[in-house]
Amino acid sequence: GLDPVEVYDALSQPMRDAFDAGDVGALKKYVNALPLEEARAHMKAMVDSGLWVPTPGEDPGEALR
C-alpha cells in the first residue's frame, strides 16, 4: 500500500480540511467538482493508503460521487 502520510500531504488543503473535520459532505462536494480522472486518482490513493475504506464492492474512484 501507499504511505498514508504522503497521500494525506498530497491532498489539497480543502480536502485535508474536510478529511480532518470528518466532513464527508464537504469532501464529496470537493471531489465531485474535480475532473473524473483526478477524483478517481485521489480516491484510489486514499483507499490504497488506508485513509478511506470504501463500502465493499464500491469502486474507489467512485466512492464519493
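Miscellaneous remarks
- The set of residues from the range 1-14 being open to solvent by less than 60 Å² (accessible area, probe 1.4 Å) and closer than 16 Å to G50 by Cα comprises P4, V7, Y8, L11.
- Only a single item in (1) open to solvent by 70 Å² or more (accessible area, probe 1.4 Å); (2) at pLDDT 90 or above is not met by T55, and it is number (2).
The values are calculated or read from the model by the stated rules, or taken from the named source; none is laboratory data. Being a predicted model, the structure only gives us computed values, none of them experimental. Keep in mind that these areas ignore ligands, DNA and RNA; they rest on the heavy atoms of the full protein, side chains included. Shrake-Rupley method; radii C 1.70, N 1.55, O 1.52, S 1.80 Å.
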